[in-house]
Amino acid sequence: MTVTKWFSIGNITAPSTWIALIIAFVLSYIAIRLKFGKQTSNRFGDAIFYVIIIWKLSVILTDFKIVINAPFALLYFNGGIIGFILGLSFVMFRTWFDWRKKRIDKDMLVALFIGAVSVQAVFQVMMALLNEGSLFVRVGTAVVFVGLIVFIWKNVEQSVSHIVQLSLLFMAAHVFVAAIQPKGLMNPPLLVTILIGLFFVALFVNKSTFEQTDGGKVE
């Protein structure tokens, strides 16, 4: 969705993307905590923290001159989509590394996937609610992503054996929504969805992921 509204929070004026993202992170964390427990929600919370902190600090790389001339720019600016992708890439690498080291199991991987889908879905719905635009586009975006999140949460128990299909569904749903939005397929949130979807497809298409026991042993 195109950003059409900005909101004042104290002395800071924030775009609707910030508001939508904060709501998405908070609601998704609460849902993961209630469904999967403290350990998994802590892992998910860590992932959110790393994405945010890298996204914010990456402005040092994307706009070094501004930071040097005005260090407080770190409070107001961020690394944009490049910084967000850097944060997401770090989280994906850490997740893959910990899985290889048997520090996390397939059930936690599934929970992290559901959390990622929830963040994107809530973010898209909030963007549709917070911004102005075509009623068809706003309603279409909300309906598709609400339907996606309801479907995945209703079938959470079967997610382990269908994670690849759900990842493909996640990407396909967003491609459909992006096609009716003003920016079309060339929009940053779709790129994020594709990266997340392909990451989990790459992990779970490997049969050994499914054979991993709770203790981390691969037969």
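The rows are residues; the columns are (1) closer than 24 Å to residue 84 by Cα; (2) touching a residue at least 40 places away in the same chain (Cβ under 8 Å).
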| position | (1), (2) |
| --- | --- |
| 123 | yes, yes |
| 130 | yes, yes |
| 142 | yes, no |
| 145 | yes, no |
| 152 | no, no |
| 156 | no, yes |
| 165 | no, no |
| 188 | yes, yes |
Subset of the stretch 102-134 [of a type in the set (S, T, N, Q) and either within 18 Å of residue 54 (Cβ to Cβ) or at pLDDT 90 or above (or both)]
118, 120, 124
Out of the residues in the stretch 165-193 that are surrounded by fewer than 16 Cβ atoms within 10 Å (Cβ to Cβ) and hydrophobic (A, V, I, L, M, F, W, C), which is farthest from residue 135 (Cα to Cα)?
168
Can you find a residue in the stretch 99-108 that is more than 22 Å from residue 161 (Cα to Cα) and within 18 Å of the chain's Cα centre (by Cα)?
no
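The values are calculated or read from the model by the stated rules, or taken from the named source; none is laboratory data. None of these values were measured; they are calculated from a predicted model. Cβ sites come from the backbone with ideal geometry, for glycine too, and all protein chains shown count toward neighbours.
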